[in-house]
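The values are calculated or read from the model by the stated rules, or taken from the named source; none is laboratory data. Model, not experiment: these values are computed from the prediction. Counting neighbours? That spans all protein chains shown, and the Cβs are built from the backbone with ideal geometry, glycine included. These accessible areas exclude ligands, DNA and RNA; they are computed on the full protein's heavy atoms, side chains included. Shrake-Rupley method; radii C 1.70, N 1.55, O 1.52, S 1.80 Å.
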Amino acid sequence: MELVPLHSDFGAEVKGLDLFDAICDATAYSKIRAAFDEHSVLLWRKQNVTDDIQATFARAFGALERTKVGSSGHGSFYSRMNNLGPDGQLVSPSDRALLIAKANQLWHTDSSFKAWPAVASVLSARIIPSDGGQTEFVSTRAAWNRLDQASRDQLIDKVAIHSYATSRNQIDPAMMSEQEHAALPPVRKPLTWLNPVNGHRALYLAAHVGAIEGMDKHDGQALLARLMDEATQSEYRYSHTWEEGDVLLWDNRATMHRGRPWKGSEARSIVRVTISASDYDGVDQAVLGLAEQLTTA
Ligand code: OGA
Ligand code: MN
């Protein structure tokens, strides 16, 4: 296996071992898993990407998440995000799919608003626009490492409130259905996430975070805005320009990502399979503890 860095802070293109190897060969899987823990974003080029291969690859890491209420294909493990209708034609400019794409353009980490968050995500782009439509990443582990000791001491034990409504309201307060509101109440998550495999800690931030427990509302929001801003400066970003056959695997514990806009007259279709923290070997107990309190409450 050869790793080619994507950015000086994080990320690597994997050569020599592919998705199939990870599925079929335990030694290959262990090497990829170690690279994932270390580099946070892994890229494979020129893969033969099908739904089956993508999902089976993701399942090697842990239990898969089911897509939530209100997603296309609710209850499956394929999160299909595109600007196409069932007829394969571009949706109308008022279609909800375009709001969903816009919300994905806020810096976030996947499913932090669920009781059981997502450890990792596997994304493939199936239809790629001629321009734009990149997916950008930053390392929240690097962001944590850039903080001074006093800031770390202040933040390490804080708990943040994540809610799907917090990010959706930034796009359109009417975007969420009643069913979604009912299914997705706010959840508590530690503001930092430790990877117990290697002892690296990361800030656990997202557009879904609206408050910090025990802090005045405005102070909490100002702190969150500052942390988000510092974490996402342009020099800290890896911007992925999609090519056919690309597959990205990222660590939601240690990164944030966002989609970039593209011309509305062009199709874009991406498919994500997401690995849940609920049954993942190597999740920080602080995160599990909060999820357990929520699910047994
Ligand atoms: C995702 C995501 C953004 C994009 O797949 O989880 O946020 O549009 N994607 O690339
Ligand atoms: Mn996402």
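Data for the structure
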read-out	value
Yes/no for ARG258 being touching a Phe, Trp or Tyr at 6+ places or on another chain (Cβ under 9 Å), at pLDDT 95 or above, within 14 Å of ligand 2 (Cβ to nearest atom) and closer than 16 Å to THR109 by Cβ	yes
From SER167, SER151, SER121, residue being among the hydroxyl-bearing types (Ser, Thr, Tyr) and away from ligand 1 (no atom under 16 Å from the Cβ)	SER151
Subset of the stretch 66-109 (residues that are in contact (Cβ under 8 Å) with a residue 40 or more places away in the chain, part of a loop (DSSP other than H, G, I, E, B) and open to solvent by 50 Å² or more (accessible area, probe 1.4 Å))	PHE77, PRO93
Residues being open to solvent by less than 70 Å² (accessible area, probe 1.4 Å), in contact with a helix residue (DSSP H, G or I) (Cβ under 8 Å, 6 or more places away or on another chain) and modelled with pLDDT under 95 - total across the stretch 157-186	10
THR56, sole failed condition from (1) without any contact (Cβ under 8 Å) to a residue 60 or more places away in the chain; (2) buried (at least 21 other Cβ atoms within 10 Å of the Cβ)	(2)
Count - residues of the stretch 237-262 that are of a type in the set (Val, Ile, Thr) and either surrounded by fewer than 15 Cβ atoms within 10 Å (Cβ to Cβ) or more than 20 Å from the chain's Cα centre (by Cα) (or both)	1
The stretch 37-53 - residue that is surrounded by fewer than 16 Cβ atoms within 10 Å (Cβ to Cβ) and in contact (Cβ under 8 Å) with a residue 40 or more places away in the chain and, of those, nearest to VAL119 (Cα to Cα)	ASP51
Residue tally, condition in a helix (DSSP H, G or I) and in contact with a strand residue (DSSP E or B) (Cβ under 7 Å, 6 or more places away or on another chain), over the stretch 1-31	1
The stretch 263-279, residues that are more than 16 Å from ligand 2 (Cβ to nearest atom) and open to solvent by less than 50 Å² (accessible area, probe 1.4 Å)	GLU266, ALA267
Some residue of the stretch 193-200 being modelled with pLDDT of 95 or more, in a loop (DSSP other than H, G, I, E, B) and either within 16 Å of ligand 2 (Cβ to nearest atom) or crowded, with 16+ Cβ neighbours inside 10 Å (or both)	no
Test: residue in the stretch 136-152 that is touching a residue at least 60 places away in the same chain (Cβ under 8 Å), touching a Phe, Trp or Tyr at 6+ places or on another chain (Cβ under 9 Å), surrounded by fewer than 19 Cβ atoms within 10 Å (Cβ to Cβ) and closer than 25 Å to TRP262 by Cβ	yes
Every residue from the stretch 201-228 that is in a loop (DSSP other than H, G, I, E, B) and within 16 Å of ALA165 (Cα to Cα)	LEU205, ALA206, ALA207, HIS208
Residues of the stretch 134-157 that turn out to be part of a helix (DSSP H, G or I) and under 15 Å from THR232 (Cα atoms), as a count	7
Tabulated pairs, the stretch 182-206, first among the polar types (S, T, N, Q), second part of a strand (DSSP E or B), C-beta under 7 angstrom, 6+ apart or interchain	THR192/ARG201; THR192/ALA202; THR192/LEU203
Of the criteria (1) over 25 Å from GLY199 (Cβ atoms); (2) within 15 Å of ligand 1 (Cβ to nearest atom); (3) of a type in the set (A, V, I, L, M), which one VAL41 fails	(1)
Top-ranked residue of the stretch 121-143 - restricted to ones that are touching a helix residue (DSSP H, G or I) at 6+ places or on another chain (Cβ under 7 Å) and of a type in the set (A, V, I, L, M, F, W, C), ranked as farthest from LEU203 (Cα to Cα)	VAL122
Cβ pairs under 8 Å, 6+ apart, first in the stretch 225-238 and in contact (Cβ under 8 Å) with a residue 40 or more places away in the chain, second of a type in the set (Ser, Thr, Tyr)	ALA231/THR140; TYR236/SER139
